[in-house]
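Trainee: Got a structure here, written out as structure tokens. Questions coming.
The values are calculated or read from the model by the stated rules, or taken from the named source; none is laboratory data. Only a predicted model underlies this, so the values are computations on that prediction, with no experimental measurement involved. Because the Cβ atoms are built from the backbone with ideal geometry, glycine has one as well, and the counts that use them run over all protein chains shown. Please note that ligands, DNA and RNA were not included when accessible areas were found on the heavy atoms of the full protein model with its side chains. Shrake-Rupley method; radii C 1.70, N 1.55, O 1.52, S 1.80 Å.
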Amino acid sequence: MMANFRLYLQGVKTALASRMAYRGDFFMSMIIMLLVEMGAPLLTILIYRNGASFPGWTMYEALLIQGVFLLAKGIALPFFFGIVWNTIERVQEGTFDLLLIKPKSALFLAIVTAFDSEDLGKLFGGITLFALSLSRIPTPGLWECLQFAALFFIALTTLFGFALILAGLGIVWIGNFRVYDIFDSVVNFGMYPAVIFSKSLQTVITLIIPIAILGYIPATALLGKPAAGTWSAVAVSIVFLLFSLRFWHWMLKKYTSAGG
């Protein structure tokens with residue numbers, strides 16, 4: 001385990017050293033990533049400042065959902081979601097074979113070699129928005145914090161599941177980076193209170209495709225008003241992770257080398 005952790009840290013150091021060779025471009029990219037992610041929170045602030053609102057939610061409660069969502073993405077995208085672009089690029093260039101002949105699993109090596117330092121801007125944005133929102137709501141108790149920590153961990157594993165599915169698609173759907181657009185279009189529902197959607201859509205994002213777990217459900221736990229169906233959503237997220245692992249290995253078996 002420690003050997004794997006040290007190997008992962010080495011991958012992070014290598015990626016950072018590579019990007020820091022062009023520091024101006026690196027910091028500019030981080031700022032752009034941050035500004036892109038701040039679009040939805042700024043829109044929420046404008047909605048509330050103009051007299052409208054999400055029914056039953058104060059502005060800072062709504063921003064807390066978005067802060068949790070962006071914090072989860074801010075951790076996932078730089079630290080393990082890079083397996084998507086890494087897999088797509090390697091399959092397209094014919095270098096994915098290099099991961100298969102190593103003594104470590106291809107999945108682990110795809111993560112180690114895919115640290116995306118530019119997405120650290122999203123992490124800083126998520127931390128800032130989460131901290132700001134948390135400072136403007138009643139202080140959560142210990143039990144609420146423990147529930148939030150558990151649900152936030154589930155949110156990260158769910159994002160890992162999404163990454164596995166998109167990377168698996170990249171093995172057979174060669175060179176198509178549009179999977180990122182599909183991902184963003186689907187998961188953005190997790191930035192808003194599920195109660196503002198229709199009952200059928202609430203069922204879809206909670207009990208079929210685990211999207212509400214990415215922001216809404218952990219935030220409700222932190223606010224002391226857990227969402228209906230929270231533990232069912234947790235169960236669905238665990239099943240989703242297991243399915244995504246099976247899907248990755250199934251797609252890996254379909255991989256055909258560029259050689260020959």
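Trainee: Between residues in region 71-93 that are more than 20 Å from TYR255 (Cα to Cα) and residues that are hydroxyl-bearing (Ser, Thr, Tyr), which pairs lie under 7 Å by C-beta distance while being six or more apart or on different chains?
Mentor: These pairs meet every condition: PRO78/SER117.
Trainee: Where in region 65-166 are there helices (runs of 4 or more DSSP H), lying fully within it, with 1 or more residues that are under 16 Å from VAL179 (Cβ atoms)? Don't jump to the end; show me each part of the working.
Mentor: Numbers: elements: 83-93, 97-100, 106-112, 120-135.
Filter on region 65-166 gives 83-93, 106-112.
Trainee: I'd like to check something: does region 142-157 contain any residue that is surrounded by 14 or more Cβ atoms within 10 Å (Cβ to Cβ), modelled with pLDDT under 90, acidic (Asp, Glu) and on the phi < 0 side of the Ramachandran plot? Spell out how you get there, then give the answer.
Mentor: Start the filter on region 142-157 by keeping residues that are surrounded by 14 or more Cβ atoms within 10 Å (Cβ to Cβ), which leaves 144, 147-148, 151-152, 154-157.
This time we only want the ones that are modelled with pLDDT under 90, so: none.
For region 142-157, residues surrounded by 14 or more Cβ atoms within 10 Å (Cβ to Cβ), modelled with pLDDT under 90, acidic (Asp, Glu) and on the phi < 0 side of the Ramachandran plot: absent.
Trainee: Any idea which of PHE96, PHE108, PHE69 is under 19 Å from PRO226 (Cα atoms), of a type in the set (Phe, Trp, Tyr) and touching a Phe, Trp or Tyr at 6+ places or on another chain (Cβ under 9 Å)?
Mentor: PHE69
Trainee: Next question. One residue is enough: does region 60-81 have a residue meeting the conditions among the hydroxyl-bearing types (Ser, Thr, Tyr) and modelled with pLDDT under 90? Steps first, please.
Mentor: Filtering region 60-81 down to residues among the hydroxyl-bearing types (Ser, Thr, Tyr) leaves 60.
Filter once more, keeping what is modelled with pLDDT under 90: none.
Looking for residues that are among the hydroxyl-bearing types (Ser, Thr, Tyr) and modelled with pLDDT under 90, one finds none in region 60-81, hence no.
Trainee: Spot the failing condition for LEU123; the list is (1) crowded, with 20+ Cβ neighbours inside 10 Å; (2) out of contact with any helix residue (DSSP H, G or I) (no Cβ under 6 Å at 6 or more places or on another chain); (3) touching a residue at least 24 places away in the same chain (Cβ under 8 Å), and only one is missed.
Mentor: Only one criterion is unmet by LEU123, namely (2).
Trainee: Could I ask something else about it? Evaluate region 197-207: report whether one residue or more is closer than 30 Å to THR139 by Cβ, among the hydrophobic types (A, V, I, L, M, F, W, C) and in contact with a Leu (Cβ under 7 Å, 6 or more places away or on another chain).
Mentor: First, pick out the residues of region 197-207 that are closer than 30 Å to THR139 by Cβ: 197, 202, 205-206.
Subsequent filtering for residues that are among the hydrophobic types (A, V, I, L, M, F, W, C) retains 197, 205.
After this cut, where a residue has to be in contact with a Leu (Cβ under 7 Å, 6 or more places away or on another chain) as well, the list is none.
No - not one qualifying residue is present in region 197-207.
Trainee: Are there any pairs, at least 6 apart or on different chains, whose C-beta atoms fall under 6 Å, with the first in region 24-37 and over 11 Å from PHE124 (Cβ atoms) and at pLDDT 70 or above and the second of a type outside the set (Asp, Glu) and not in a helix (DSSP H, G or I), and if so, which?
Mentor: Here the result reads none, with nothing in region 24-37 linked to a residue that is of a type outside the set (Asp, Glu) and not in a helix (DSSP H, G or I).
Trainee: Might you let me know whether region 109-120 holds any residue that is open to solvent by 30 Å² or more (accessible area, probe 1.4 Å), farther than 30 Å from THR256 by Cα and among the acidic types (Asp, Glu)?
Mentor: Checked region 109-120: at least one residue is open to solvent by 30 Å² or more (accessible area, probe 1.4 Å), farther than 30 Å from THR256 by Cα and among the acidic types (Asp, Glu).
Trainee: Now for a separate question. Does ILE205 satisfy the condition of being open to solvent by 60 Å² or more (accessible area, probe 1.4 Å) and within 25 Å of VAL84 (Cα to Cα)?
Mentor: Numbers: open to solvent by 60 Å² or more (accessible area, probe 1.4 Å): no; within 25 Å of VAL84 (Cα to Cα): yes.
No, not satisfied.
Trainee: Tell me which residues, restricted to region 94-107, are exposed (fewer than 12 other Cβ atoms within 10 Å of the Cβ) and either among the hydrophobic types (A, V, I, L, M, F, W, C) or in contact (Cβ under 8 Å) with a residue 24 or more places away in the chain (or both).
Mentor: If the condition is that a residue be exposed (fewer than 12 other Cβ atoms within 10 Å of the Cβ) and either among the hydrophobic types (A, V, I, L, M, F, W, C) or in contact (Cβ under 8 Å) with a residue 24 or more places away in the chain (or both), then GLY94, ILE101 are the ones that fit.
Yes/no per residue for (1) touching a residue at least 12 places away in the same chain (Cβ under 8 Å); (2) under 30 Å from LEU100 (Cα atoms); (3) assigned to a helix (DSSP H, G or I); (4) among the acidic types (Asp, Glu):
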residue	(1), (2), (3), (4)
SER185	no, no, yes, no
SER200	no, no, yes, no
ILE217	yes, no, yes, no
GLY224	yes, no, no, no
SER232	yes, no, yes, no
ILE238	yes, yes, yes, no
LEU241	yes, yes, yes, no
TRP250	yes, yes, yes, no
THR256	no, yes, no, no
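Trainee: Taking LEU241 as the residue in question, decide whether it is under 16 Å from the mean Cα position of the chain (by Cα) and open to solvent by 20 Å² or more (accessible area, probe 1.4 Å).
Mentor: Details: under 16 Å from the mean Cα position of the chain (by Cα): yes; open to solvent by 20 Å² or more (accessible area, probe 1.4 Å): yes.
So LEU241 fits the description; yes.
Trainee: Follow-up. Please enumerate the residues belonging to region 38-57 that are in contact (Cβ under 8 Å) with a residue 40 or more places away in the chain, part of a loop (DSSP other than H, G, I, E, B) and out of contact with any Pro (no Cβ under 6 Å at 6 or more places or on another chain). Spell out the reasoning first.
Mentor: Step one: filter region 38-57 for residues in contact (Cβ under 8 Å) with a residue 40 or more places away in the chain, giving 38, 40-41, 54-57.
If we keep only those that are part of a loop (DSSP other than H, G, I, E, B) as well, we get 38, 54-57.
Across region 38-57, the qualifying residues are MET38, PRO55, GLY56.
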